[in-house]
Amino acid sequence: MSVPEISAASSAPWFAAAYPLRAHNTFGFDVRARLACRVTSEADLLDAVRDPRAQDMATLVLGGGSNVVFTRDFDGLVLLMSLAGKRCVREDSEAWYVEAAAGENWHDFVAWTLEAGMPGLENLALIPGTVGAAPIQNIGAYGLEMAERCATVRAVELATGEAVEFDAAACEFGYRDSFFKRAGRDRFVITAVTFRLPKAWQPNARYADLARELARNAAQSGHAAADTITARAVFDAVVAVRRAKLPDPLELGNAGSFFKNPVIEAAQFDALRAREPEIVSYAQADGRVKLAAGWMIDRCGWKGRALRGAAVHDRQALVLVNRDNATGADILELAQAIRSDVLARFGVELEQEPVCL
Ligand code: EPU
């Protein structure tokens, strides 16, 4: 069905009513927005939220839609973030400072930094979504969080229309957490992120899966592992590990890890380990312990199981997938069943990662 355009004038932002969101959420749910607006600049953004047609409407900022579960049509204005551009804004003897606009595809941006000879983001290859979404939940994988490379985040405060520059400390990054996540989705809209990429590059290959893949590749090429670790080798290894475990949203709808890995107190962990000696855990700097939620879900027998069209991925139990025309409600019902089994067996509450609408 064609989408009725309300305004396509080049001087004004592009609006569409009853806009289909299927291609804008990685679960592939077939829902619509009452109104959608394509945002290509900060001026567009303010024009969109101040437009008379959008008054009194809820707003939703959508990047790649890789962290959202739609349970129904969105009765409001969706801002389709399409701000583009990436460049090295400055360099000093120690680092490159690279800025990317919020609408840039994350993986393409990571690949571009490597091509341009500015490594440092390679551990975060292939994460679905956009640059603007990355700081909100402080994306992380294979031993690196974006917080470690973030210099500043530029965001527009919708209430005042002012652009504000946050340094990394002001972003209050935590594990899959930030100031922006806690401030609420309507308050600040991220329009650009600047990364600091140190020139003294060191491979970060501590993560077991990654170290294994790198060693395997090195053995195949007949080199000692340490000789061959380049940023490109790390990038390729991360891509290979992710492809082996995590479903491509274009082939099988999903939102990456559906739950956060829970962090518990040391005393609770000791009691738990006495009952579950094989539990996979990571000691934290503050004495607490992070648990592998995927392992617990797997142990509860959920891996590969389905509830109507919603299923637990058969190669990574932390990922829920839209196997066969699932709705957001199906995914949430499956998530609830998993949560109660994990609580019953391990006494641990799982916290959902994606935003539910
Ligand atoms: N495990 C199982 N069964 C499973 C899944 C995992 O036994 O079905 C075990 C694994 O063998 C491993 C442990 O659990 O010992 C952890 O698994 P994995 O290394 O796959 O990582 P994860 O903790 O499940 C986290 C992130 C991922 C990130 C990977 C690699 C969270 C919520 N998830 O997953 O991030 O790619 O580490 O760094 O922190 C995402 O956030 O969307 C995401 C994919």
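When the stretch 314-326 is limited to residues that are farther than 12 Å from residue 338 by Cβ and within 9 Å of the ligand (Cβ to nearest atom), the one that is farthest from the chain's Cα centre (by Cα) turns out to be 314.
Of the residues that make up the stretch 194-210, is at least one hydrophobic (A, V, I, L, M, F, W, C), under 30 Å from residue 41 (Cα atoms) and assigned to a loop (DSSP other than H, G, I, E, B)? Checked the stretch 194-210: no residue is hydrophobic (A, V, I, L, M, F, W, C), under 30 Å from residue 41 (Cα atoms) and assigned to a loop (DSSP other than H, G, I, E, B). Scanning the stretch 317-352 for residues being in a loop (DSSP other than H, G, I, E, B) and crowded, with 22+ Cβ neighbours inside 10 Å gives a total of 4.
Could you run through the stretch 129-142 and say how many residues are near the ligand (Cβ under 8 Å from one of its atoms) and farther than 12 Å from residue 176 by Cβ? Of the residues in that region, 1 qualify. Just for the stretch 179-212: of the residues that are within 21 Å of residue 168 (Cβ to Cβ) and of a type in the set (Gly, Ala, Ser), which one is farthest from the chain's Cα centre (by Cα)? Among residues in the stretch 179-212 that are within 21 Å of residue 168 (Cβ to Cβ) and of a type in the set (Gly, Ala, Ser), the one farthest from the chain's Cα centre (by Cα) is 200. The set of residues in the stretch 274-304 that are in a helix (DSSP H, G or I), within 23 Å of the chain's Cα centre (by Cα) and of a type in the set (A, V, I, L, M, F, W, C) comprises 293, 295, 296, 297.
Number of residues in the stretch 247-260 that are of a type in the set (A, V, I, L, M, F, W, C) and over 13 Å from the mean Cα position of the chain (by Cα): the value is 2.
Applying a threshold of 6 Å to beta carbon distances and a minimum spacing of six or more residues, or different chains, the list of pairs starting in the stretch 251-270 at a residue that is touching a residue at least 24 places away in the same chain (Cβ under 8 Å) and outside any loop (DSSP other than H, G, I, E, B) and ending at one that is among the small types (Gly, Ala, Ser) and within 14 Å of the ligand (Cβ to nearest atom) reads 255/66; 259/293.
Annotation: of all residues in the stretch 176-229 being of a type in the set (Phe, Trp, Tyr) and in contact (Cβ under 8 Å) with a residue 24 or more places away in the chain, the one that is surrounded by the most Cβ atoms within 10 Å (Cβ to Cβ) is 195. Can you find even one residue in the stretch 16-32 that is among the polar types (S, T, N, Q) and more than 22 Å from residue 138 (Cα to Cα)? The answer is no, given that none of the residues of the stretch 16-32 is among the polar types (S, T, N, Q) and more than 22 Å from residue 138 (Cα to Cα). Report, by residue number, each residue of the stretch 335-357 that is more than 21 Å from the chain's Cα centre (by Cα) and either within 13 Å of residue 255 (Cβ to Cβ) or among the aliphatic types (A, V, I, L, M) (or both). Across the stretch 335-357, the qualifying residues are 337, 338, 342, 343, 344, 348.
Considering 234, 239, the condition of being of a type in the set (A, V, I, L, M, F, W, C), at pLDDT 95 or above and crowded, with 20+ Cβ neighbours inside 10 Å is satisfied by 234 alone.
No other residue among 286, 270, 330, 248 is within 13 Å of the ligand (Cβ to nearest atom) and charged (D, E, K, R) apart from 248. If you go through the stretch 310-330 one residue at a time, do you hit one that is under 19 Å from residue 29 (Cβ atoms) and in contact with an Asp or Glu (Cβ under 6 Å, 6 or more places away or on another chain)? For the stretch 310-330, residues under 19 Å from residue 29 (Cβ atoms) and in contact with an Asp or Glu (Cβ under 6 Å, 6 or more places away or on another chain): present. Of all residues in the stretch 87-116, exactly one satisfies the criterion of being surrounded by fewer than 18 Cβ atoms within 10 Å (Cβ to Cβ), in contact with a Phe, Trp or Tyr (Cβ under 7 Å, 6 or more places away or on another chain) and within 24 Å of residue 61 (Cβ to Cβ), namely 89.
The values are calculated or read from the model by the stated rules, or taken from the named source; none is laboratory data. No experiment lies behind these values; they were computed from the predicted model shown. A quick note on method: Cβ atoms are made from the backbone with ideal geometry, for glycine too, and the neighbour counts reach across all protein chains shown.
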